[in-house]
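Undergrad: Before anything else, here's the structure in question.
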Amino acid sequence: MADGPARPLDANATTDVAIVGAGIAGVATAFFTLRSTAKRVMLLERDCVARGATGRNAGQLTTYFERPLYDIAAEFGADKAVEGQRAFDDAHDLLDLMAAESGATVRVERFTGHMGMFTLNHLQVHLRNNLLRRQGGLREEACVVSEDAEFLGRIPAEFASLYTIVPQTRIRELLDTRDDRYRAVLSDRKGCANSGLLAQQVLAYLERCYPDRLRFVDRTLVDRVVVGDEGVVLHAAGHTVAASHVVMCTNGFVDHVVEDRAGERISLHPDQQVTGVIGFMTAFTEEQRRSPAALSYIRNATIGGDTPYVYVTRRTYDRADGTVTLTCMGGPEHPIDRPWDAAMPFPGSLLADMDEHIRPFAQPARPRGRPYDFQWHGLMGYMRGMVRVIGADPRHPGLLYNLGCNGVGFLPSICGGQRVARILGGEHLPPSIFDPR
């Protein structure tokens, strides 16, 4: 991705909607707000467009939560959980809309992705999710179980219609692995795309299409947001931006202050407060083209834990000398106690560990110890509740959010952008699992 010349904020400014963060969440929020309202928008970015998590991921298009759907239903109710899942599922169409209207040329590849499971706990968790999907009228995820599964006879009868028994060879085929510890596979619609390039191309379109209503500034750190009854004031780069609304699309970036006019900090519920977590990824090119894929492999015996799964994404990669396959792999994620730095070195010991334990899933024919073409890390917006925050602050309607839990692909960011735009347009949405608390 190429960056243009710097365009920092150079004077005080006013606008209707200030959006903080020009990753895919901020760009999608700007896209739908400009498209469906008459409001003026200022998009502020601390670095360059798509240089945070949006430009540092594996590019997966997935619609699941980092928490079992039935567990979300237990907290919020089945109806809200189902509607939240439906919103994520529908984000595929929102992505297509953004790409088509903006004329984006970024490749968007779709296919059926697969997740490998090896215990009865894994299977029961996901079959319960599927049962809730069926009851709510959602698309069900296909599930197959090996005829050799040690737990086959202990699967509860209530799930009998939610899976199919297949030979172990079929499990190997779907997961593209020789590891026979995996005894079941969950399959659903997936995809992959370069979210950083998409954000850049959509932003370029917005600047062409709405020159009188959109202003983009970069290299401009917003360090303080003051929220009042009549509007908000952002303090950035020695200047101020006055707006009627501000939308925080900052994900893992937590080094700013949001407060009311009395100087009291405005905080989300502890379950919704973002913490800094770094995700580590590496990739290699394959000259012999392979089909695009999104594969994940559960690692711990019970759902949850420090490294709940590892993943592999294969997508088409265009180079100056031709088209190859780019195979990405990741999984290790670590909390940090200091501001994330994109220039922070990739730990050599971690790369060796990924080469040892994840490479066999990505490409078993690849020799151990061969150098990788790319290795990177990105800041991920996780929180304890593991549900993205989308909407207006309940006490401060001028403060909105579209952030959090971006470790599950970037479709939730697009879903959030459209939902926030509906609120900014004056629509009164029913209560949801995403509401700020």
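Undergrad: Taking the Cα centre of segment 281-437 as the origin and placing charges on Cβ (Lys, Arg +1; Asp, Glu -1), which of Val310, Ala342, Ser291 is farthest toward the positive end of the dipole?
TA: Ser291
Undergrad: Moving on. What does the charge count near Tyr297 come to, summing +1 for each Lys or Arg and -1 for each Asp or Glu among other residues with Cβ under 14 Å from its Cβ?
TA: +3
Undergrad: Within the set of other residues whose C-beta is less than 12 Å from the C-beta of Ala193, count the net charge using Lys and Arg as +1 and Asp and Glu as -1. Provide the component values of the computation, followed by the final result.
TA: Details: positive: Arg107, Arg110, Lys190, Arg315; negative: Asp96, Glu109.
For residues surrounding Ala193, the net value is +2.
Undergrad: Another question, if that's okay. For segment 215-228, in order, what is each residue's ³J(HN,Hα) by Karplus, 6.51 cos²θ - 1.76 cosθ + 1.60 with θ = phi - 60°, in whole Hz (x at glycine and Pro)?
TA: Karplus values, whole Hz, x for Gly and Pro: 10, 10, 10, 10, 6, 10, 7, 8, 9, 8, 10, 10, 10, x.
Undergrad: Can I ask one more? Sort 253-264, 208-219 by packing, meaning the average of other beta carbons within 10 Å per residue, with the highest value first.
TA: On the way: 253-264: 13.9, 208-219: 16.1.
Order by mean packing, descending: 208-219, 253-264.
Undergrad: Kindly work out what percent of the DSSP beta bridges joining two residues of segment 218-265 are antiparallel, to the nearest 5.
TA: Details: 12 of 16 bridges.
Close to 75 percent.
Undergrad: Placing unit charges on C-beta atoms (Lys and Arg positive, Asp and Glu negative, everything else neutral), compute the dipole magnitude of segment 170-322 about its Cα centre in debye, rounded to 20. Intermediate values should be presented prior to the final figure.
TA: Values: 20 positive and 21 negative charges, 162 e Å.
It comes to approximately 780 debye.
Undergrad: Follow-up. Roughly how big is the chain's charge dipole about its Cα centre, with Cβ charges of +1 (Lys, Arg) and -1 (Asp, Glu), in debye to the nearest 20? Don't jump to the answer; show the numbers that get you there.
TA: Numbers: 48 positive and 53 negative charges, 110 e Å.
Approximately 520 debye in magnitude.
Undergrad: While we're on this one: Pick the calculated log10 I(q)/I(0) by the Debye sum over Cα atoms at q = 0.10, 0.12 Å⁻¹ for this structure from (i) -0.70, -1.01; (ii) -0.88, -1.05; (iii) -0.97, -1.14?
TA: The calculated read-out lines up with (i).
Undergrad: Past the 21 angstrom mark, what percentage of all C-alpha to C-alpha distances in segment 127-283 do you count?
TA: Details: 8563 of 12246 pairs.
Roughly 70 percent, once rounded to a whole number.
Undergrad: OK, next. As a check on your grasp of the helix formula, calculate [θ] at 222 nm for the chain: sum -39500 (n - 2.57) over DSSP H runs of n ≥ 4, divide by the residue count, round to the nearest 500.
TA: Values: 9 runs with 113 residues, N = 437.
Computed ellipticity for the chain at 222 nm equals -8000 deg cm²/dmol.
Undergrad: Roughly how far apart, in whole Å, are the Cα centres of segment 404-432 and segment 158-173?
TA: One Cα centre to the other: 35 Å.
Undergrad: Which percent of the Cα-Cα distances in segment 201-244 go past 16 Å? Walk me through the numbers on the way to the answer.
TA: Working: 487 of 946 pairs.
I get 51 percent for the Cα pairs in segment 201-244 exceeding 16 Å.
Undergrad: Something else now. Calculate how many DSSP beta bridges within the chain are antiparallel, expressed in % of all such bridges and rounded to the nearest 5.
TA: Details: 65 of 92 bridges.
Roughly 70 percent of the DSSP beta bridges within the chain come out antiparallel.
Undergrad: May I pose another question? From the P(r) of segment 1-114, can you give the percent of Cα pairs sitting at distances over 18 Å?
TA: Details: 4190 of 6441 pairs.
For segment 1-114, the share of Cα pairs beyond 18 Å comes to 65 percent.
Undergrad: Can you give me the convex hull volume of the Cα atoms of segment 169-213, divided per residue and expressed in Å³? Walk me through the numbers on the way to the answer.
TA: On the way: hull volume 5.2 nm³, N = 45.
Spread over its residues, the Cα hull of segment 169-213 gives 116 Å³ apiece.
Undergrad: Then there is this: Over the chain, with every protein chain in place, what whole percent of the accessible area is carbon and sulfur at 1.4 Å, could you tell me?
TA: Values: 8910 of 18130 Å².
Ligands and nucleic acids excluded, carbon and sulfur give 49 percent.
Undergrad: Oh, and also: Can you give the direction-averaged projected area of the convex hull of the alpha-carbon atoms in segment 278-437, in nm²?
TA: Mean orientational projected area (segment 278-437, Cα hull): 12.9 nm².
Undergrad: Continuing with the same structure: In what sequence, highest mean first, do 194-206, 23-35 appear when ranked by Cβ atoms within 10 angstrom?
TA: On the way: 194-206: 22.9, 23-35: 28.6.
Packing proxy ranking, top to bottom: 23-35, 194-206.
Undergrad: Let me check I've understood the local charge: for Leu97, count other residues with C-beta under 12 angstrom from its C-beta, Lys and Arg +1, Asp and Glu -1. What total comes out? Mind dumping the intermediate values first?
TA: Values: positive: Arg35; negative: Asp90, Asp93, Asp96, Glu101.
Net local charge, Leu97 excluded: -3.
Undergrad: Could the peptides 153-164, 119-130 be put in order, highest first, of the mean number of other beta-carbon atoms found within 10 Å of their residues? Walk me through the numbers on the way to the answer.
TA: Values: 153-164: 12.4, 119-130: 21.5.
Taking the mean over residues of other Cβ atoms within 10 Å, the ranking is 119-130, 153-164.
Undergrad: Relative contact order (percent) for the chain, with alpha-carbon contacts under 8 angstrom and 6 or more residues of separation? Intermediate values should be presented prior to the final figure.
TA: Numbers: 980 pairs, mean separation 110.7, N = 437.
Relative contact order of the chain: 25 percent.
The values are calculated or read from the model by the stated rules, or taken from the named source; none is laboratory data. A quick note: this is a predicted structure, and the numbers were derived from the prediction, not measured. Glycine also receives a Cβ, built like all others from the backbone with ideal geometry; neighbour counts cover every protein chain displayed. Protein only, heavy atoms only, side chains kept; ligands, DNA and RNA dropped before computing areas. Shrake-Rupley method; radii C 1.70, N 1.55, O 1.52, S 1.80 Å.
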